[in-house]
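Below is one structure, written out as structure tokens; the observations come after it.
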């Protein structure tokens, strides 16, 4: 029975207070350049040992399905798990507060020095790298289509359609997601039927 | 900006928050459409710089939204865009995590996951495409492609890549 699988094996440790959550998430956010997820896994599972790997993967998969920044959703759910909404707020605030102050200082400094060709050039270079990182991450994640019930071909087709509509045609995202999303989820629902004939619902 | 424009900006980010499946970066193309296109608050260079600044700073990538708001309308702009992008999704995440966790093996939940996954991928590629810009020179495209390949195939530290990009750009090679 799919019960509370998450609680079967407990992690060896737990945060003593929301304040400890705040401190831990501030620390891991400050280590995360170009993304926090990898650091979050290392700190929460291996250093602090507040979560087992399985628990982390499960929280992450829910965080990825929900809208909003993945790592922020993870912070919320980890905090919620230990201290309810107070923990959720503490973890999220820890993740955001200090990095926000830093990024705004950097942005203000950029505005001061944007006229310098070297600064404009550096930002242009970093922008190109940022674009490449996103494409590289997409390429990495494309491998997950292999285990998708839609299959690689249909999945790749939907990915291409979404890309074309948003990047080339510049259609508003809300309509693209609603239209393509309904078709894709509907198709997935049909495909899931045979394999889960004995399941609930 | 007029009060109506502030409201439009806030409302748009509230909406994008609920659409940002796979992270805030997946809705960056739509932010570009509105901030650079429709409202004309920032230009192409500022848009790309916002994401680059956030990538080069520690913390979650979603902070690029605050940088965009800051470039568009100062600290008030940063507050409006960041609160807008966070508020609906965090509220929903708390409620839905408890709900979805209990129904992990339920067919509609699985169909939703499976159906949205390829769209999230397509949106990530679209974000990369839009970040490269309308009329990139070939060195820029080359740098983007090389980065994509390194991120995909190696475990090279992301900070090293950002640093390399900064140096290459500062030298005026792009």
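The distance between label points at residue A:146 and residue B:8 comes to 4.7 nm (points 7 Å beyond Cα on the Cα→Cβ vector). Counts of other chain beta carbons within 10 angstrom of each beta carbon in peptide A:75-82 average 3. What residue among B:121, B:15, B:149 shows peak mean-square fluctuation when chain B is described by a Gaussian network model with Cα springs under 10 Å? Judging by the Gaussian network model, the answer is B:149. Estimated from the Cβ-Cβ distance and a Förster radius of 56 angstrom, the FRET efficiency linking residue B:103 and residue B:173 is about 0.60. Each residue in A:72, A:185 was given a count of other beta-carbon atoms within 10 angstrom of its own, and listing them fewest first yields A:185, A:72. Footprinting exposure proxy ranking of A:110, A:115, B:70, fewest other C-beta atoms within 10 angstrom first, gives A:115, A:110, B:70. Here the protein assembly as shown was treated as a single set of alpha-carbon atoms; its pair distances binned every 20 Å from 0 give 29, 60, 11, 0 percent. Once each part is reduced to its C-alpha centroid, what is the distance from region A:120-158 to region B:101-174 in angstrom? Using only Cα atoms to place each centre, the spacing works out to 4 Å. Largest GNM mean-square fluctuation among A:187, A:169, A:116, using chain A with Cα springs under 10 Å: A:169.
By the helix-only formula, in which each DSSP H run with n ≥ 4 contributes -39500 (n - 2.57) and the sum is divided by residues, chain A has a 222 nm mean residue ellipticity of -23500 deg cm²/dmol. Estimated at 0.36 nm per residue, the fully extended path between residue B:39 and residue B:75 surpasses their Cα-Cα distance by 11.1 nm. Computed from the C-beta positions of residue A:106 and residue A:183, the FRET efficiency with R₀ = 51 Å rounds to 0.75. The radius of gyration of the Cα set in region A:5-113, together with its Dmax, comes out at 14.5, 55 angstrom.
Please label the shape of chain A as rounded, prolate or oblate, based on the square roots a ≥ b ≥ c of the eigenvalues of the alpha-carbon gyration tensor (a/c under 1.5 means rounded; beyond that, a/b larger than b/c means prolate, else oblate). Judged from the Cα gyration tensor, chain A comes out oblate (a/c at least 1.5, b/c at or above a/b). Cβ crowding within 10 Å, taken as a proxy for footprinting-reagent exposure, orders B:127, A:144, B:154, B:144 from fewest neighbours to most as B:154, A:144, B:144, B:127. The packing ranking, built from the mean of other Cβ atoms within 10 Å per residue, places the peptides B:89-98, A:85-94 in the order A:85-94, B:89-98, highest first. Note on A:105-116: average number of Cβ atoms from other chains within 10 Å of each residue's Cβ is 4.
Let me make sure I get this right: for chain B, a, b and c are the square roots of the gyration tensor eigenvalues over alpha carbons, sorted descending. Under 1.5 in a/c it's rounded, otherwise prolate if a/b > b/c, else oblate. Which is it? Judged from the Cα gyration tensor, chain B comes out oblate (a/c at least 1.5, b/c at or above a/b).
Anisotropy class assigned to region A:52-153 is oblate, per the alpha carbon gyration tensor with a/c at or over the 1.5 cut-off and a/b no larger than b/c.
Legend: translational diffusion of region A:148-195 by Stokes-Einstein, Rh = Kirkwood radius over C-alpha pairs, 37 °C, 0.692 mPa s; D = 291 µm²/s. Dividing the mean sequence gap of close Cα pairs (under 8 Å, 6+ apart) by how many residues chain B holds gives a relative contact order of 23 percent.
Our estimate of slack between residue A:193 and residue A:169, defined as 0.36 nm per intervening residue step minus the Cα-Cα distance, is 5.2 nm. Ellipticity at 222 nm from helices only: DSSP H runs of n ≥ 4 in chain B, each -39500 (n - 2.57), divided by the residue count, give -25000 deg cm²/dmol.
Look at the stretch A:155-162: the mean tally of other chain Cβ atoms within 10 Å of its residues' Cβ atoms is 6.
For the peptides A:13-20, B:81-88, the ranking by mean Cβ contacts within 10 Å, running from highest to lowest, is B:81-88, A:13-20.
Read-outs throughout are calculated quantities, based only on the coordinates presented, and are distinct from any laboratory measurement. None of these values were measured; they are calculated from a predicted model. Reconstructed Cβ throughout: ideal geometry from the backbone, glycine too, with neighbour counts over all protein chains shown.
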